[in-house]
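So the structure is just underneath, and the comments pick up after that.
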10 protein chains.
Amino acid sequence: MTKEDVTMMILSAKKQAGMTWEEIAEKIDMSPVWTHSACMGMNGFPKDKAEALATALALPQEAVSVLEEPPTKVWEQSVPTDPCIYRFYEIVGVYGPTLKALIEEKFGTGIMSAIDFDMQVHKVENPKGDRVKIEMSGKFLAYNNW
Amino acid sequence: MTKEDVTMMILSAKKQAGMTWEEIAEKIDMSPVWTHSACMGMNGFPKDKAEALATALALPQEAVSVLEEPPTKVWEQSVPTDPCIYRFYEIVGVYGPTLKALIEEKFGTGIMSAIDFDMQVHKVENPKGDRVKIEMSGKFLAYNNW
Amino acid sequence: MTKEDVTMMILSAKKQAGMTWEEIAEKIDMSPVWTHSACMGMNGFPKDKAEALATALALPQEAVSVLEEPPTKVWEQSVPTDPCIYRFYEIVGVYGPTLKALIEEKFGTGIMSAIDFDMQVHKVENPKGDRVKIEMSGKFLAYNNW
Amino acid sequence: MTKEDVTMMILSAKKQAGMTWEEIAEKIDMSPVWTHSACMGMNGFPKDKAEALATALALPQEAVSVLEEPPTKVWEQSVPTDPCIYRFYEIVGVYGPTLKALIEEKFGTGIMSAIDFDMQVHKVENPKGDRVKIEMSGKFLAYNNW
Amino acid sequence: MTKEDVTMMILSAKKQAGMTWEEIAEKIDMSPVWTHSACMGMNGFPKDKAEALATALALPQEAVSVLEEPPTKVWEQSVPTDPCIYRFYEIVGVYGPTLKALIEEKFGTGIMSAIDFDMQVHKVENPKGDRVKIEMSGKFLAYNNW
Amino acid sequence: MTKEDVTMMILSAKKQAGMTWEEIAEKIDMSPVWTHSACMGMNGFPKDKAEALATALALPQEAVSVLEEPPTKVWEQSVPTDPCIYRFYEIVGVYGPTLKALIEEKFGTGIMSAIDFDMQVHKVENPKGDRVKIEMSGKFLAYNNW
Amino acid sequence: MTKEDVTMMILSAKKQAGMTWEEIAEKIDMSPVWTHSACMGMNGFPKDKAEALATALALPQEAVSVLEEPPTKVWEQSVPTDPCIYRFYEIVGVYGPTLKALIEEKFGTGIMSAIDFDMQVHKVENPKGDRVKIEMSGKFLAYNNW
Amino acid sequence: MTKEDVTMMILSAKKQAGMTWEEIAEKIDMSPVWTHSACMGMNGFPKDKAEALATALALPQEAVSVLEEPPTKVWEQSVPTDPCIYRFYEIVGVYGPTLKALIEEKFGTGIMSAIDFDMQVHKVENPKGDRVKIEMSGKFLAYNNW
Amino acid sequence: MTKEDVTMMILSAKKQAGMTWEEIAEKIDMSPVWTHSACMGMNGFPKDKAEALATALALPQEAVSVLEEPPTKVWEQSVPTDPCIYRFYEIVGVYGPTLKALIEEKFGTGIMSAIDFDMQVHKVENPKGDRVKIEMSGKFLAYNNW
Amino acid sequence: MTKEDVTMMILSAKKQAGMTWEEIAEKIDMSPVWTHSACMGMNGFPKDKAEALATALALPQEAVSVLEEPPTKVWEQSVPTDPCIYRFYEIVGVYGPTLKALIEEKFGTGIMSAIDFDMQVHKVENPKGDRVKIEMSGKFLAYNNW
């Protein structure tokens, strides 16, 4: 049983149960972003969260240890074509040097960690058209000099 | 005089004046993200903001019309190697399908606009290590059916 | 049942019924361009249109919810080799900067949306050789300054 | 004197004269799309049009023969990053197979020529947001069988 | 039944019958180049030629309509490694600009069509070593100015 | 003085003299294809032909030895975008396997040489539209078995 | 039965018989380099050699005609990662221009044929460490001038 | 003074002196392959050989230390287009797995070194056409197990 | 039975036995790095080590000879996306020229062998956060001059 | 004055002074790896180290602030061809999955930081041939779950 197998089981159970990702996230008391990503096999579950998910979606016991395995994070190496995903690459492409300049201005030489990291997605209602709001937070890591 | 020429003038004036991007942004009453990006030639200035910048940094009059020109947004087509910028591609690569799934769950079929869009960068102090906080907001655009 | 499965069912039903894409489009009261594209899995159906299609082509009930799912729009990242498709890339490659210059001249800094968008294909008879006429229309989106 | 040199002269003369591409196109009695594209060196001028342009913008006599030279149409081989141009690749990528299917349905096996071809850009005012309208027309070419 | 299926049937029937491509071409009264290419699925058959081929090779009736379908011409986007095919890319790579210069010198600004096109392959005996002779002919297409 | 320098001299002398490539080819009693290609630096001149060219175009004496140097044949490794050149890649891409199959059928296992090779370009007048005719001839080379 | 099928049969028969490539080569009286390469489907067998191989390894009769078919030589288009193969690309990459310069110095303008070609691999014992010795020989081909 | 500068000096001195690479190699008592490659900056000279070369070609004293510097061996990462060099990639591409199989059969698991390596080029006269003979020799390196 | 098959058997046996790579490495008296890599099929086993592994994990006898076969080391040719592996490419990318400069300074012109090579991974406890320590050692190889 | 300018000054001063990287590193009391890398512009200097370097190599005062600027770490995105650097990519390519497996086995799910990181290069004398020893150490970073 691989992570791909377990992802298929989750998607099937989710469809049958008619649950949203937010509802599943609530059941295991984690954020929707992390929950979806870990269900896709892009993050590893802590043991208690893996058990909570297995209970919530009636997954077989063997799935628990698979959910706990460290992920191998493989993502598209060329820029993806789906418009919803592409726009985020466009943002990072256009504003990447700006993010670097402002982080260095505020923190000194270093980077924002993508490992000690979290993210949230919100819907903000607006009479001119609702807006997607995304918040990211990552630990600042200073370069070592030795 | 091209946008590149004006960017060079801005960087040189900024260094001489010892100003930060935040200070320049305040002078023209715009956000630091937009200000840096537009100074790099990746966004076009409204006329009044171009004039305010020219005044703040003592740029020549001709620079104003160049700052107003629409940008040609050229960014690296392969994933950049600088660690500070790369980590953002890693985030978008790993979490892109998650962002798509959650946006569709909350809004229906469509995308977050990268055109009607804004972004902020904050420093959040934390005893375990300060954190970089990034907030993005973009208008939701539903696909047209015809 | 995936979108690919439903596309196969549609193609098979279409062949058996001897219908053209225009006839199918008429049956569901949508344009031929949108209808073909959505049948290929590149657009999501509104519920009533999915039901109309299922009725017109005698698709199983389960197909309706699959047709409604948001699409993941994956297209060839390198320039395609089929001559009929290639010529459109040649047009966009040669005239892309021209389209940008004229849109900016007419509308200001911004883009034509590919989301709030529609397209039509017509045959124009001509004694020197019939002509293909294509009309596209997309909402103008101005860049946000913040 | 190369086509690039002449393009630079045209851009400089246009800026000084404060003319738009539409006004230049009118002066030489051609469409704005063709005029911009030929001024960028992507199409060759007929002799009378080259002379008309030289007169309108006070270009040196030598420029006339350069404008008449056949172009070498070099365009970006990877998908461009500028959002205004990228959206056209997204349209062609998503709808390319649809255009092929509908052309074949209407005309038989063959292609739309990108050589015997013309295009127009219009602004369509709309209370929900103005729209960009693009019309292309190309001769249908049937494959030869021998 | 797809074009690939029919190609497999043709290759199998050809092997069993011990026929060459030239013999098959004669049977359907078309050129060997076009015949091979259409049997590989790279050109669509006119109805009478599809029927003649089905008769000559005892293909099932359903194959006829498949042979008539418009082809999707997918070819290797990187330069192929097989020496016999590679040498043609080498010729086109080395002499491409020469062909362009001489076509423009003889015909004016435009191209040789690859759609209204035919090609023949001959064996020319020669005491110093036999030679392969290839003849191509394509309609000249002048660029449209509008 | 490099081959590029000499190419520039040739192009300049050709323009000043108002000669075509065919006229230059006649002056040195070689074919137009070879002449253009060698003037572009893609073939090396035999000594007498180099001298004839230098005389015909009044090139400096030093150019003769440069024209005799073996060429380094560098051509675009990705498929070129100019429509006139692209169409030849389309032909070789679509018909490459056909050429291989027919050469092997006529000659046995081997290739057509691109080294012991010649090519001609002709204009064939035709009331339905003039045609470009191209003839290539290369020595057949059988694979060695050892 | 394809060339890949026959390669699998050969590898299996070789393993069962415990024969080396040198021993197989001896059985059919050809060199080990050619024998291995032809068994991998990268060269076509003359009829008598195909029969000798079939006898030596007890291959089915049908394999003989497959071994005789002309090969389609497909090799990795990017530089391979296996260290033993990579080192040969390193040699050709570093010394390619040197080989060209020395061949042109010794023979005039032209190339070494890779078709009329043979190669041998030897083991040379040496107290400081045994050495691999490789000998290649190819016919010199002069460029044609026409 | 860089390695590129010294290469230019060598080429110029060689042309003026009318020497071949073989003659230069003899003067410094090294092989022609190594001599050309080191003169191109792809190998570093031992001190005495650098001095011998400087004497033979009347290079300035400063060139000696530049010739001694370790090289940075940068070669074309895509397969080169020049036919004379390409053929060697074709050989390595087609026969790479064969070389690996025979080296492992003769020596055990390991590789032929491209560092402790030498190569020679010879002309072998032959009434059917002269042949290029290339001999390579590299130390066998066994993989370490630890 | 291929190397991939044996890797699958090993992973399955390891999971069932609940052993770590370090424990397996101890059983066969080799390092964990080499053991994991050889179990993945990236190194060949000496006979006694293959037998020890088969005993330790109860692999079938046939697996022993497969473990002994020379590996074909195929690794990702583009930079991998998994963050744990990517960071090593980042290190080699940033510090590659530094390693070259310091090796040449200490040893002369040459390289560190990746064949006569070993590596160890250690955990170093640290109150500010544990550290990963990696030690590599490779034989210095001097370039041959001939 | 850019980082590239300062790198050129350092290389020139180092050559004139006849100093090694180890001697320069000692002067500023940092490691040779960090020192070389920072002099190449791949790391930013702390103020006191920048001043020490300027003193040791007699750099102009303006260089100090340039050395302090955060670096933009641009490295070759394709695998480099220089053999000394390539071997490190080969190691990381072959052993990358092994490093990931052992780090996860020892530390849990996470990565070795390339930011809080240091590296040393040593020469280890050995009668069978001296060895290059490289030690890397990076902080372990566990993935965040939220």
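Points worth noting:
- The criterion of being more than 14 Å from A:PRO70 (Cα to Cα) and crowded, with 17+ Cβ neighbours inside 10 Å does not hold for A:MET1.
- Between C:GLU62, C:GLU22, the distinction of being open to solvent by 20 Å² or more (accessible area, probe 1.4 Å), in contact (Cβ under 8 Å) with a residue 40 or more places away in the chain and not basic (Lys, Arg) belongs to C:GLU62 only.
- Note on region F:25-48: residues that are open to solvent by less than 10 Å² (accessible area, probe 1.4 Å) and either free of Cβ contacts under 8 Å to residues at least 12 places away in the same chain or in the same structural domain as F:MET119 (by TED's automatic domain parsing) (or both) amount to 2.
- B:PHE140 being more than 30 Å from B:MET9 (Cα to Cα), surrounded by 20 or more Cβ atoms within 10 Å (Cβ to Cβ) and of a type in the set (Phe, Trp, Tyr): yes
- The set of residues from region I:68-80 being open to solvent by less than 10 Å² (accessible area, probe 1.4 Å) and more than 7 Å from chain J (Cβ to nearest Cβ) comprises just one member, I:PRO71.
- Conditions (1) over 24 Å from D:ILE91 (Cβ atoms); (2) open to solvent by less than 20 Å² (accessible area, probe 1.4 Å); (3) at the interface with chain B (Cβ under 7 Å from one of its Cβ atoms); number of the one not met by A:TYR89: (1)
- Within region C:31-68, considering residues that are among the acidic types (Asp, Glu) and out of contact with any Phe, Trp or Tyr (no Cβ under 9 Å at 6 or more places or on another chain), the one farthest from C:GLN120 (Cα to Cα): C:GLU62
- Residue list for region J:129-146, restricted to those being at the interface with chain I (Cβ under 8 Å from one of its Cβ atoms) and touching a helix residue (DSSP H, G or I) at 6+ places or on another chain (Cβ under 8 Å): J:ASP130, J:VAL132, J:ILE134, J:MET136, J:GLY138, J:PHE140
- Note on region H:101-128: among residues that are without any contact (Cβ under 8 Å) to a residue 60 or more places away in the chain, under 24 Å from H:CYS84 (Cα atoms) and open to solvent by 20 Å² or more (accessible area, probe 1.4 Å), the one that is nearest to the other protein chains (Cβ to nearest Cβ) is H:LYS123.
- Unmet requirement for G:ALA56, which otherwise passes all of (1) modelled with pLDDT of 95 or more; (2) open to solvent by 30 Å² or more (accessible area, probe 1.4 Å); (3) out of contact with any Lys or Arg (no Cβ under 9 Å at 6 or more places or on another chain): (3)
The values are calculated or read from the model by the stated rules, or taken from the named source; none is laboratory data. All figures in this text were calculated on a predicted structure; none of them were measured in a lab. Heads up, the Cβs are rebuilt from the backbone with ideal geometry, glycines too, and the neighbour counts pull from every protein chain shown. Side chains are part of the model used for accessible areas, which takes the heavy atoms of the whole protein and leaves out ligands, DNA and RNA. Shrake-Rupley method; radii C 1.70, N 1.55, O 1.52, S 1.80 Å.
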